[in-house]
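J.: Supplied in structure tokens, the structure appears directly below.
The values are calculated or read from the model by the stated rules, or taken from the named source; none is laboratory data. Because the structure is a prediction, the values reported are computed rather than measured. Glycine also receives a Cβ, built like all others from the backbone with ideal geometry; neighbour counts cover every protein chain displayed. The accessibility values were calculated without ligands, DNA or RNA, using every heavy atom of the protein model including side chains. Shrake-Rupley method; radii C 1.70, N 1.55, O 1.52, S 1.80 Å.
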Amino acid sequence: MTRVSGWVIAGLAAVVAACGGGGTAPASTAPQEATLSAQASLGEKIFKDTSLSASGKQACVSCHAAEAGHSAANDLAVQLGGPMLDLQGHRSSPSIRYLSSNTAFHFDDEGTPTGGFFWDGRATSLQDQAGRPFLSDVEMANGSVAEVIDRLSRAAYADEFKQVFGADIFSRPQDAFARMTLALQQFQREDPAFRPLSSKYDEFLRGKLSLTDQELRGLALFNNPAKGNCAACHPSAKGSDGSHPLFTDFSYDNLGAPRNDELAQNADPAFFDLGLCAREGGDMAARTDLCGAFKVPSLRNVALRHVFFHNGRFKTLKDTLTFYVQRDTHPEKFYPLNPDGTVKKFDDLPPPYQANVNTSEAPYDRRPGDTPALSDAEIDDVIAFLKTLNDGYTH
């Protein structure tokens, strides 16, 4: 039997027993199938209904497929939408799983931006988030709320909608839209598929199985503040009440992801997606220190995703983790060169905001020529651990 080193065992004990920060979800056992309320049942139908889009071919499920952990099920950097499904979106489709305990955007007691929905936190709730794609020019592309409700009034379940929300509901488009998005929120809150806690790691936390030696090494590297340091933003420990970790603290970080030439918007060299400081409404415009910051996603089901970062720049976990640990030791692998041969580091941010990039915490606290925080073999160990976060594990 392969020996597991003492520091792995120590890290393991901490994960099982410690009071972890960040998001957690109650779970002594994996949740069973639930009977949905009338509102949630409507929400499920709306979630899957392509007739509510201008193209007639796009629904919520189109960008949030269960088999991909409720993220996009293809390797496009960003999804296509619009009336002809030929318009490129602006950011990758994040997973919408494990969001029921998320909060509206706020600054915590330490001044850390936290919560909110979408990559920039602009939506205040699941309901708010659910409604916006229906009216986005590059998503479902309805021209108005009234247009959405006209489509909804002709859906196969329109009578059911009236039974739940009132016989005259379609005569009041704004109210009907609010009820439609409420139903979508209720579906996401009630359906266990959005929070199954059914991964191998959950079973490990329940004491029902052991992880392999490689998975244990990966877990220890994930938690080690001098190595992966992943748990700093993606807590892996149980909560003080025994609840299971969601692998996000719902905060924001600026990682200096490389510019993605696959995005049509990046053909304009003057365009930069500045994230939190430039979000819709302009409420964060004065916080230029937050330019380039994006939401920290949950790492549950991360191994099921096809693209990574807000701009979909990387297509594999191996490439993504290699970027994390070699961004500062070998920047030439990820960024273009200037005419003089120097590396144009942090090329997806204008120079005044490049100082916002996280360079103080491991594994980003290194310089060219330094040894990366993780070796190639250690990256493989972390990936083995991350695969234990996929829902739907069976013995």
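J.: Two decimals is fine: what's Rg over Rh for region 80-136, C-alpha atoms, Kirkwood radius as Rh?
T.: 1.06
J.: How high is the relative contact order of the chain, in percent, counting Cα pairs under 8 Å that sit 6 or more residues apart?
T.: 23 percent
J.: Using Cα-only point scatterers and the Debye equation, what is log10 of I(q)/I(0) for region 179-293 at each q in 0.11, 0.22 Å⁻¹, rounded to two decimals?
T.: Listed by q, the Debye log ratios stand at -0.66, -1.17.
J.: Using the C-alpha gyration tensor of region 260-395, what are the square roots of 5 times its eigenvalues, in whole angstrom, with the largest one first?
T.: 27, 21, 15
J.: Something else now. Quote the accessible area belonging to residue 106 in square angstrom, nearest 10, computed with a 1.4 Å probe and with ligands, DNA and RNA left uncounted.
T.: Using a 1.4 Å probe on the heavy atoms, I get roughly 70 Å².
J.: Quick check: convex hull over the Cα atoms of region 196-245, volume per residue in Å³, rounded to an integer?
T.: 81 Å³
J.: Need the list of lysines near residue 48 for cross-linking: C-alpha distance under 18 angstrom, and skip anything on the same chain fewer than eight residues off.
T.: Partners found: 57.
J.: Where a Cα-Cα gap under 12 Å defines reach, which aspartates and glutamates qualify for residue 345, not counting those fewer than 8 residues away within the same chain?
T.: Of all the aspartates and glutamates, those that pass the test against residue 345 - Cα under 12 Å, at least 8 places apart if same chain - are 328, 332.
J.: Then there's this: State in Å² the accessible area per residue of the chain; use a 1.4 Å probe, count heavy atoms of protein chains only, and round to the nearest integer.
T.: Dividing the accessible area of the chain by its residue count gives 44 Å².
J.: Let me ask another. Starting from the coordinates of the alpha-carbon atoms of the chain, obtain the Kirkwood hydrodynamic radius over all distinct pairs and give the value in Å to one decimal.
T.: 22.3 Å
J.: Moving on to the next point. State the answer as a single residue: which of 171, 211, 184 lies farthest towards the positive end of the charge dipole of region 134-238, with beta carbon charges of +1 for Lys and Arg and -1 for Asp and Glu, about the Cα centre.
T.: Value computed over the given set: 211.
J.: A follow-up question, please. Just need the relative contact order of region 138-215 here, percent rounded to a whole number, with Cα pairs under 8 Å and 6+ apart.
T.: 20 percent
J.: Which pairs break 27 Å Cα to Cα here: 238/333; 200/318; 238/315; 344/387; 200/227; 45/318?
T.: The answer is 238/333; 238/315; 344/387; 45/318.
J.: Pop out the Kirkwood hydrodynamic radius of region 228-279 from its pairwise C-alpha distances, inverse of mean 1/r, in Å to one decimal.
T.: 14.1 Å
J.: Size of the dipole of the chain about the Cα centre, Lys and Arg at +1 and Asp and Glu at -1 on the beta carbon, nothing else charged, in debye to 20?
T.: 560 debye
J.: Karplus couplings for region 131-137 from phi (6.51 cos²θ - 1.76 cosθ + 1.60, θ = phi - 60°), rounded to Hz, Gly and Pro as x?
T.: x, 5, x, 5, 10, 7, 4
J.: Round to a whole number: what % of the accessible area of the chain belongs to carbon and sulfur, probe 1.4 Å?
T.: 52 percent
J.: Report the Stokes-Einstein translational diffusion coefficient (µm² s⁻¹, integer) for region 38-125, Rh taken as the Kirkwood radius over Cα pairs, at 10 °C with viscosity 1.306 mPa s.
T.: Rounded to a whole number, D works out at 109 µm²/s.
J.: For region 273-318, what does the alpha-carbon gyration tensor say about shape, rounded, prolate or oblate, given a ≥ b ≥ c as the root eigenvalues, a/c under 1.5 as rounded, and a/b over b/c as prolate?
T.: Judged from the Cα gyration tensor, region 273-318 comes out prolate (a/c at least 1.5, a/b above b/c).
J.: Mind checking which aspartates and glutamates have their Cα closer than 12 Å to the Cα of residue 295? Skip sequence neighbours fewer than 8 apart in that chain.
T.: Candidates past the 8-residue exclusion: 120, 249, 253.
J.: From the helices alone, meaning DSSP H stretches of at least four residues, give me the mean residue ellipticity at 222 nm for the chain, per-run term -39500 (n - 2.57), in deg cm²/dmol to the nearest 500.
T.: Dividing the helical sum by the residues of the chain leaves -7500 deg cm²/dmol.
J.: Something else: Over region 21-176, consider all pairs of different Cα atoms and compute the Kirkwood hydrodynamic radius from their mean reciprocal separation; express it in Å, one decimal.
T.: Across region 21-176, the inverse of the average 1/r is 17.2 Å.
J.: Tell me, rounded to the nearest percent, the portion of alpha carbon pairs in region 158-238 spaced more than 19 Å apart.
T.: 61 percent
J.: Which order, highest average first, do 36-45, 377-386, 358-367 follow once you tally other Cβ atoms within 10 Å for each residue and take the mean per peptide?
T.: Sorting 36-45, 377-386, 358-367 by mean packing, highest first, produces 377-386, 36-45, 358-367.
J.: So, counting K/R as plus one and D/E as minus one, what does the shell of residues with Cβ under 10 Å around residue 62 add up to?
T.: The answer is +1.
J.: With the contact rule set at Cα under 8 Å and sequence spacing of 6 or more, what percent relative contact order holds for region 62-149?
T.: Rounded, it is 22 percent for region 62-149.
J.: Here is a further query. Between 290, 276, 337, where does the largest GNM mean-square fluctuation fall for the chain, given springs only between Cα atoms within less than 10 Å?
T.: Judging by the Gaussian network model, the answer is 337.
J.: Report the residue, chosen from 112, 316, 124, that carries the largest GNM mean-square fluctuation when the chain is represented by alpha-carbon nodes joined by springs under 10 Å.
T.: Result for the chain, Cα springs under 10 Å: 112 fluctuates most.
J.: How do the peptides 293-303, 145-155 rank, highest first, by the average count of neighbouring beta carbon atoms within 10 Å per residue?
T.: 293-303, 145-155
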